[in-house]
Each structure stands twice: as structure tokens, then as C-alpha cells.
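A.B. asks: Please see the structure below; I have some questions.
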Amino acid sequence: MKRTILITALMLFMVSFTFAQKEDKKSMPKQATTVIQLDKFCCKSEVPIVEKTLAYEKGVKGFEVSVENKNVTVVYKPKSTSPETIAKALAKAGVEANGIEADARAIEKLPTCCKNTAKGLSSGCEH
């Protein structure tokens, strides 16, 4: 008898835990917006790199790059990605984002002025 009660209680606990997880996913918003700082952003020569990276990033619905403010506003699906994942993708493409250091190999593929800025040197940008 005690064993039957224990098994029933465990099953009820597992079922309630499963439903609680499903409700959490349903309460998550369909879209969210974040602003990612583009540290060591050089000039408009770097915009196509940011655009290409975000265009292929899973869960990103839209974005707007601000050269003046050195940031990018991203609309994304919280179920598919996060601001940290987006910043890591940008860093992998050679753009330091939200303090995540850019990949050294990707920096070498940047335009010369942007490459120097990413390395912490004077940019020499004329844009």
C-alpha cells in the first residue's frame, strides 16, 4: 500500500513538473530586442560584415547597425537565440561585441583600417 502511494506521488510530481516547463516556454515572448555594443568598431566598411553575420544567424528576425553609436539593434526570437549567442557570432566574424573578443583569424580578413582598430592600433580610417 505504501509503495503504491509513493509511486502515485512520484508520478504526479513528474507530470506537474512537465506541465510547468511547457508553461514557461509559452510565457516566453515571441520576439525580443537587444542592443549589442560593437567595441572597436571602425567605420562603415565593417557594416557588411555585421550584416552578413546577422543575416545568417538563427533566430535573428531583423537588425539595424548604427555607425555613429557603434552598436547594432537586433530583433530576435528568444526561443532560438540569445544576445550572448549573437555577440559570439559577431566576435567569430571579427567584430568585438559586448566585450567578447574578436577571433584573431577573422580580424585578419577585415579591411586594413578595421583590422588595425580591432588590434587596438590607430585606425587610419578616412571614411
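The values are calculated or read from the model by the stated rules, or taken from the named source; none is laboratory data. Computed from a predicted model, the values in this text were never measured in an experiment. Heads up, the Cβs are rebuilt from the backbone with ideal geometry, glycines too, and the neighbour counts pull from every protein chain shown.
A.B. asks: Say we look at the stretch 80-125 and pick out the residues that are at pLDDT 90 or above and basic (K, R); which of these is nearest to K30 (Cα to Cα)?
C.D. replies: If we take residues in the stretch 80-125 being at pLDDT 90 or above and basic (K, R), then K88 is nearest to K30 (Cα to Cα).
A.B. asks: Show the residue pairs meeting these rules: Cβ distance below 8 Å; 6+ apart or different chains; first residue within the stretch 30-52 and farther than 13 Å from A93 by Cβ; second residue assigned to a strand (DSSP E or B) and of a type in the set (K, R).
C.D. replies: What qualifies is Q31/K61.
A.B. asks: Is there any pair with a first residue in the stretch 72-93 that is within 18 Å of K40 (Cβ to Cβ) and touching a residue at least 40 places away in the same chain (Cβ under 8 Å) and a second that is of a type in the set (G, A, S) and outside any helix (DSSP H, G or I) whose Cβ atoms are under 9 Å apart and which are 6 or more apart or on different chains, and what are they?
C.D. replies: Short answer, once both residue conditions are applied: I86/G59; I86/A97; A87/A97; A87/G99; L90/A97; L90/A102; A93/A102.
A.B. asks: Name every residue in the stretch 1-50 that is loosely packed, with under 14 Cβ neighbours inside 10 Å, modelled with pLDDT under 90 and closer than 30 Å to P111 by Cα, in order of residue number.
C.D. replies: Of everything in the stretch 1-50, just one residue is loosely packed, with under 14 Cβ neighbours inside 10 Å, modelled with pLDDT under 90 and closer than 30 Å to P111 by Cα, namely K44.
A.B. asks: Does E51 satisfy the condition of being part of a loop (DSSP other than H, G, I, E, B) and of a type in the set (D, E)?
C.D. replies: When the stated conditions are applied, E51 does not pass them.
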